[in-house]
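Here is the structure we will look at.
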Amino acid sequence: MTDDRSDESGTVGTTAHAPEAGPSQPVEAPRAEPAAVGDRVEEETPKERPKRTRRRPGPFTLLVLPGLVALMGVAGFLAVNGGLSSAWPQGSDPAPAATTRVDAAYIPWLRKAVSDCTVIKPSVLAAQIDRLSGWSNDAGALSGEKGIAAFTDAQWRTWGKDDDGNGRSSPRDPADALMALGRKDCSLAKKVTDLRTEGVVTGDLVNLTLAAYASGTDAVVEAERVPTEAEAYITEVKSLSSRYRSVDRESSGGAVNQVPGAVLAAPVGDLTVTSPYGSREHPLTGVTKLHTGVDFGSPQGSQVAAASKGQVVFAAMTNAYGNRVVIDHGTIDGKRLETTYSHMLSLQVSVGQTVETGTPIGLVGSTGLSTGPHLHFEVILDGYYADPLPWLNPST
């Protein structure tokens with residue numbers, strides 16, 4: 001789906017500068033003509049001199065100047081006694097508070113990247129990204145490391161894949177990078193778990209995994225525990241991970257995991273997953289590619305509802321998706337959020353219509369390329385497909 005955007009550029013104004021005043025020029029008194037030879041020159045008597053009028057002190061001198069003098073005296077005293085920094089700021093802004101929020105687009109990928117690994121949590125993965133690049137795609141450009149997970153080309157050939165199905169595998173693609181780092185961490189976690197089971201190494205599995213990442217598995221085996229050179233890295237990552245605890249999965253009574261600040265209501269009454277989000281072989285075409293949404297098995301004619309309030313931007317029959325609706329929900333943390341509903345038996349909304357959470361938009365069907373009645377539901381955040389399950393709250 002293409003999300004057309006136009007950039008708005010503000011008009012750059014110019015500021016007129018007044019000409020700078022030059023140094024004041026002395027005003028010369030008119031010169032008297034020289035006296036002719038023989039003329040009598042008489043001296044001025046005091047009575048003939050004009051009296052000078054003494055200027056009285058103005059309001060500035062009487063009122064403002066004494067205050068300034070006193071204030072400067074106080075400042076001088078504080079400077080000498082080391083109190084100037086707090087009493088009189090020297091123009092340095094306070095350090096900005098460290099942000100602990102993760103771009104909402106990354107949260108489903110953080111969770112998915114370690115979904116098959118019981119040792120590493122999403123918060124630890126996020127802390128590693130923070131430690132490696134500070135979430136900057138260009139942080140390691142000079143060292144040959146690329147993207148938020150700081151992969152070299154050689155490392156990417158081992159761990160990188162086109163996980164978001166956009167047709168390219170790149171360490172500068174955040175989704176691909178998060179998944180690659182998760183694969184690497186989970187592989188290391190499996191190795192150190194086996195080593196600890198065999199009695200080759202001892203210690204906490206998270207620490208051993210991070211040590212293997214920082215210093216290599218061989219160094220862990222040689223030390224038979226966390227090697228000394230990896231301790232600083234482990235301490236820093238575990239300290240940073242406390243910032244990202246909110247992205248860890250929280251399961252309670254089988255509830256679907258949620259994304260903070262971006263909770264969507266269930267689009268159908270039954271959330272039985274018949275085909276999850278991720279790479280798969282299409283049951284009809286036989287082509288293996290990213291399944292861009294999740295399929296919920298539901299009886300023919302079941303009600304389909306809007307997952308959140310928004311505006312319908314597409315509602316029509318398509319070849320592959322059958323009857324399809326796309327709803328624009330506006331922005332979350334500056335990212336455009338859209339949801340799609342496909343293979344429906346019939347449509348109950350039209351383009352331009354505003355909907356609320358739970359508004360009926362169609363009925364479950366099997367139109368388009370489909371093997372049976374179900375709802376194909378997608379979440380698209382800023383043009384990228386995301387795993388819908390972490391966004392859903394069945395009770396909403």
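Quick notes on this one:
- A simple charge model with +1 on the Cβ of Lys and Arg, -1 on the Cβ of Asp and Glu and nothing else charged puts the dipole of segment 141-224 at about 220 debye relative to its Cα centre.
- Scoring 172-182, 117-127 by mean Cβ neighbours within 10 Å over their residues and listing the highest first yields 172-182, 117-127.
- Comparing SER115, ALA126, GLY160 along the charge dipole axis of segment 111-175, the residue lying farthest to the positive side is SER115, per the Cβ-charge model.
- Each Lys and Arg Cβ is given +1 and each Asp and Glu Cβ -1; about its Cα centre, segment 299-376 then shows a dipole of about 60 debye.
- Distance between segment 313-376 and segment 110-186 - C-alpha centres, whole angstrom: 32
- Local electrostatic count at GLY147 - Lys and Arg +1, Asp and Glu -1, tallied over other residues with Cβ under 9 Å: -2
Read-outs: derived from the displayed coordinates by stated rules, not from any lab. Everything numeric here is computed off the predicted structure, so don't read it as measured data. Don't worry about glycine lacking a Cβ; one is built from the backbone with ideal geometry, like all the others, and counts go over all protein chains shown.
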